[in-house]
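Everything on this sheet refers to the single structure shown next.
The values are calculated or read from the model by the stated rules, or taken from the named source; none is laboratory data. All values derive from a computational prediction rather than experimental measurement. Heads up, the Cβs are rebuilt from the backbone with ideal geometry, glycines too, and the neighbour counts pull from every protein chain shown.
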Ligand code: GLN
Ligand code: ZN
């Protein structure tokens, strides 16, 4: 190789799916939990999966591979373990190491697990480290060192251990249950840095030339104290003798004010995301004069979406970057953990569409093509570049991507389609007259327990073991039972129970044009749980009504109103892979129009109450505050576009499964729903006060039954919660309902809880 600057471009990545080609890791871990596999068998399977992944990366032409990104459960949990942040309740549970690790992940009969929460704005969930003023960190480098040595033994000269960095580790942690009041994890930085220094020294001793420390928290708005802590952390880690070179990585958005902080630190390299909103990194980097003499790992292939990359555009970004750093390497924007393994596995469904897709295996090939194009010249990869151009052209030109009727309809939309014509007070009066509900009306959120029998029937229908007619009878029977039960329990607004739905997004994705299903597109959601998100690939339209039949059937069985039940546009987007060739707002509008038609059909068929669930409204909130108002604007507009076509006396409900509204409170109001149900049981009704304080003017159902727990609340407890809510919400605007759908609970728990709910509502009604 020559010594021209371009000859230095390598292909690398931040992390690879852990699951194995056929989700072997899930099977092995669950096998270990159930006692079918012993520890050695589990660890052997895990090692074989890592070896397999390394072979794939080598074959794909990846020059420098990540190590330590593999995990039996979660990489944040692994970091907690590596720095000795094992809470006393797990440490002292009397378990072996591996079982202590899994106790942190999922608890045992005696100890609670760590809490789990979403990893930034992805659908991956990490375990939240628990820290307090007594946390004594201690380095445990064994996993990192072993996985690095394993790669070296396998002949990988260039392997780069990847760990979560100290600032992100502390900011993603939370105070342990008995931490001193006001305790802030970041105050432990001085105690934590020597532990990181020792991990780095061990990795260096094992031969690591580079170590990557991930600091994704730096793509969020951080106060000066955090930026100061970052500067200090990297100054101190760089002062350690005999350490590897440090590559500090960020992804999911631009570094913003953290960029100069890291650029001024002595670290030898940065990994930056240059896709989506993070493309702003490019100008910012130029503005600070680049990273002369240092390494830049350039995330130019979107690591969290599923589309074949625009290699020409990536090449031109890389070409610009080559002038801005001492050395530039090509990489996906983030760990490939967030995409499925292999788009080639989808060929059997549709070879044309499979070409448009790029999952982990294809993305590694893409970065390797980019690195070669820069190192050896475009001619060396001409066939790959032309295949990529052809794939892009095929996607752009396909009838799936552009449906003229949908586009014309969207273009013709005006302001009036996104507003209900009548003010809320007028609607509320019309709805009161039509529905005749008592004070504190009782309802549920939609789903009833999904029994194993029901799931088996659905699987049977798919595999052809059960005939369509028999399946339909099964669903009808279920709906009859659910309606009869709700009447008997005395609920006021009924649901059909959603027995026909596998998942609230997938059900609609399967019925809308524009969405594709994958056969093998599994992505880790948390631990051993994998999901197969639909791919929103084209213009969205509704070929036929989606919910009319079962909602109508349910309504035919009762005099009481049955809610029509739909998933909102934002949630449809949040839990799918979305197209990257138009703004999200446009995609949301198309989904909203399909829902609007569905709601019009429901209304015409006599439905008086529709519920449009938006549990993901807060999830899609951009990581940077500056981008949030624009997001909330289109997100709430899409909801109103879906729901505002109804008559004044048709009641629109929405539902969200969380209670921390913070900055989306005004967005909740902008939805203009007549009734909102939300999570509140776990937060002891604080939400009712918050809504009241914010002057929320419409009806609310703060949840009074925590459906995440098998515990059945007593009527007294529910009465107490309702009385508590009445301190903030007047009785004519309060509903009584559970926190969320009942599908994960048992029929027995649900029966008991709902009877208590209606009894409590009756009692409170009598006293107001
Ligand atoms: N209607 C859905 C259900 O009850 C809502 C689920 C959700 O909010 N995640 O299952
Ligand atoms: Zn919910």
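Kindly indicate the residue of segment 550-573 that is in contact (Cβ under 8 Å) with a residue 24 or more places away in the chain and part of a loop (DSSP other than H, G, I, E, B) and also nearest to residue 631 (Cα to Cα) among those meeting that condition.
The residue in question is 568.
Would you say residue 700 is assigned to a strand (DSSP E or B), within 16 Å of ligand 1 (Cβ to nearest atom) and in contact with a helix residue (DSSP H, G or I) (Cβ under 7 Å, 6 or more places away or on another chain)?
yes
Tell me, which strands (runs of 3 or more DSSP E) lie completely within segment 467-534 with 1 or more residues that are surrounded by 22 or more Cβ atoms within 10 Å (Cβ to Cβ)?
The strands (runs of 3 or more DSSP E) meeting that bar are 513-516, 523-526.
Out of 710, 738, which single residue is in a loop (DSSP other than H, G, I, E, B), within 16 Å of ligand 2 (Cβ to nearest atom) and on the phi < 0 side of the Ramachandran plot?
738
Every residue, every condition in (1) in contact with a helix residue (DSSP H, G or I) (Cβ under 9 Å, 6 or more places away or on another chain); (2) away from ligand 2 (no atom under 16 Å from the Cβ); (3) touching a residue at least 12 places away in the same chain (Cβ under 8 Å), yes or no:
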{"residue": "721", "(1), (2), (3)": "yes, yes, yes"}
{"residue": "724", "(1), (2), (3)": "yes, yes, yes"}
{"residue": "733", "(1), (2), (3)": "yes, yes, yes"}
{"residue": "744", "(1), (2), (3)": "no, no, yes"}
{"residue": "752", "(1), (2), (3)": "no, yes, yes"}
{"residue": "755", "(1), (2), (3)": "yes, yes, yes"}
{"residue": "761", "(1), (2), (3)": "yes, yes, yes"}
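Give me a count of the residues in segment 659-670 that are within 15 Å of ligand 2 (Cβ to nearest atom), more than 16 Å from residue 733 (Cβ to Cβ) and buried (at least 19 other Cβ atoms within 10 Å of the Cβ).
The number of residues fulfilling the criteria is 2.
Among the residues of segment 578-595, which ones are assigned to a helix (DSSP H, G or I) and either within 16 Å of ligand 1 (Cβ to nearest atom) or closer than 18 Å to residue 542 by Cα (or both)?
Selection gives 586, 587, 588, 589, 590, 591, 592, 593, 594, 595.
Can we say residue 462 is modelled with pLDDT under 95, over 13 Å from residue 447 (Cβ atoms) and assigned to a helix (DSSP H, G or I)?
When the stated conditions are applied, residue 462 passes them.
Tell me yes or no: at least one residue of segment 756-767 is modelled with pLDDT of 95 or more, within 16 Å of ligand 1 (Cβ to nearest atom) and closer than 26 Å to residue 496 by Cβ.
yes
Would you check if residue 679 is surrounded by fewer than 19 Cβ atoms within 10 Å (Cβ to Cβ), touching a residue at least 60 places away in the same chain (Cβ under 8 Å) and within 16 Å of ligand 2 (Cβ to nearest atom)?
It is false that residue 679 is surrounded by fewer than 19 Cβ atoms within 10 Å (Cβ to Cβ), touching a residue at least 60 places away in the same chain (Cβ under 8 Å) and within 16 Å of ligand 2 (Cβ to nearest atom).
Across segment 428-451, what is the total count of residues that are assigned to a loop (DSSP other than H, G, I, E, B) and within 16 Å of ligand 1 (Cβ to nearest atom)?
Number of matching residues: 7.
Can you tell me which residues in segment 652-672 are within 16 Å of ligand 1 (Cβ to nearest atom) and modelled with pLDDT of 90 or more?
Within segment 652-672, 652, 653, 654, 655, 656, 668, 671 meet the criteria.
Could you go through segment 743-751 and let me know if any residue there is over 27 Å from the mean Cα position of the chain (by Cα), more than 16 Å from ligand 1 (Cβ to nearest atom) and surrounded by fewer than 24 Cβ atoms within 10 Å (Cβ to Cβ).
Scanning segment 743-751, I find at least one residue that is over 27 Å from the mean Cα position of the chain (by Cα), more than 16 Å from ligand 1 (Cβ to nearest atom) and surrounded by fewer than 24 Cβ atoms within 10 Å (Cβ to Cβ), so the answer is yes.
Sort out for me the helices (runs of 4 or more DSSP H) sitting completely within segment 182-299 that have 3 or more residues that are under 30 Å from residue 626 (Cα atoms).
Once the helices (runs of 4 or more DSSP H) in segment 182-299 are filtered for at least 3 residues that are under 30 Å from residue 626 (Cα atoms), what remains is 224-238, 258-264, 280-287.
Give segment 90-121 a look and list any residue that's crowded, with 16+ Cβ neighbours inside 10 Å and in contact with a strand residue (DSSP E or B) (Cβ under 9 Å, 6 or more places away or on another chain), or say none.
Result: 104, 105, 113, 114, 116, 119.
For the structure I just gave you, tell me whether residue 543 is part of a loop (DSSP other than H, G, I, E, B), under 17 Å from the mean Cα position of the chain (by Cα) and in contact (Cβ under 8 Å) with a residue 24 or more places away in the chain.
No.
So, residue 316, is that one at pLDDT below 95 and surrounded by fewer than 22 Cβ atoms within 10 Å (Cβ to Cβ) or not?
No.
Pull up segment 224-254, narrow it to residues that are within 29 Å of the chain's Cα centre (by Cα) and within 17 Å of residue 188 (Cβ to Cβ), then point me to the one that is surrounded by the fewest Cβ atoms within 10 Å (Cβ to Cβ).
Checked segment 224-254; the qualifying residue surrounded by the fewest Cβ atoms within 10 Å (Cβ to Cβ) is 225.
Quick grid of which residues meet (1) surrounded by fewer than 24 Cβ atoms within 10 Å (Cβ to Cβ); (2) touching a residue at least 24 places away in the same chain (Cβ under 8 Å); (3) more than 16 Å from ligand 2 (Cβ to nearest atom); (4) farther than 19 Å from residue 512 by Cα:
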residue	(1), (2), (3), (4)
601	yes, yes, yes, no
604	yes, no, yes, yes
609	no, yes, yes, yes
621	yes, yes, yes, yes
624	yes, yes, yes, yes
632	yes, yes, yes, yes
637	yes, yes, yes, yes
645	yes, yes, yes, yes
